[in-house]
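Have a look at the structure below, then the notes.
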Amino acid sequence: MHATTSGDEILRGIITDLQRQAHWAEIIPFLEQHSADILLKKRQSPALYAKHKRWLLNTERLTIAQVLVFRRLTGQTPLSQGEFVRLLGGNPYCEGITAQEKREIQSHIQYWTNQIRNNIRPIMADYFGLMNIHWQEGEKPGGGEYSIQASDLLLEFFQTRLYAT
């Protein structure tokens, strides 16, 4: 049996979520204040900076950042890229799913794999420095996988701005 939540409790939850999303926008002035590299990138290419800034401010990026910070604060190891993709897109190897559900999950996984390669890694990690990306050699020659973790800069933003009391 599921517990019911009152309308007032739901409203408080929605307001908290919306406030947190509004605070996420503070990541840009925070980065500009704490990273000379970001200011240099902004001066060198204002158009690219504006494009990346708009991409970062999407609340989907907040969710990704929250997952990475949660894992880091709870002492969990960095996510492998495969784990990260399955977390975002689902696991097609779960028992009891239909062929259609499996195809949908695989489609989501392909989407998130492309997002990581084309946007998340180059923008959140390389451009803004919010994630640490490390290559881990695999057992087979030339094999391996990236691991993903929240950077110190992202952790500091969460501690001093986003969740500061």
Next item on the list: Keeping to the range 82-99, report how many residues are open to solvent by less than 30 Å² (accessible area, probe 1.4 Å), under 17 Å from residue 117 (Cβ atoms) and touching a helix residue (DSSP H, G or I) at 6+ places or on another chain (Cβ under 7 Å).
Entry: 3
Notebook entry, point to check: In the range 78-157, which helices (runs of 4 or more DSSP H) lie fully inside it and hold 3 or more residues that are under 29 Å from residue 26 (Cβ atoms) and at pLDDT 85 or above?
Noted result: 99-115, 152-157
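Here is a yes/no grid of residues against (1) in a helix (DSSP H, G or I); (2) free of Cβ contacts under 8 Å to residues at least 60 places away in the same chain; (3) closer than 12 Å to residue 128 by Cα:
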site	(1), (2), (3)
14	yes, yes, no
20	yes, no, no
37	yes, no, yes
61	yes, no, no
64	yes, no, no
Checklist line | Among the candidates 8, 37, residue that is farther than 24 Å from residue 126 by Cα and either of a type in the set (Asp, Glu) or in contact with a Gly (Cβ under 7 Å, 6 or more places away or on another chain) (or both) | finding: 8
Item checked: Top-ranked residue of the range 59-77 - restricted to ones that are closer than 15 Å to residue 116 by Cα and not β-branched (Val, Ile, Thr), ranked as surrounded by the fewest Cβ atoms within 10 Å (Cβ to Cβ) -> 60
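The values are calculated or read from the model by the stated rules, or taken from the named source; none is laboratory data. Since the model is a prediction, treat every value here as computed from it, not as a measurement. We place every Cβ from the backbone using ideal geometry, glycine too, and count neighbours over all the protein chains shown. Please note that ligands, DNA and RNA were not included when accessible areas were found on the heavy atoms of the full protein model with its side chains. Shrake-Rupley method; radii C 1.70, N 1.55, O 1.52, S 1.80 Å.
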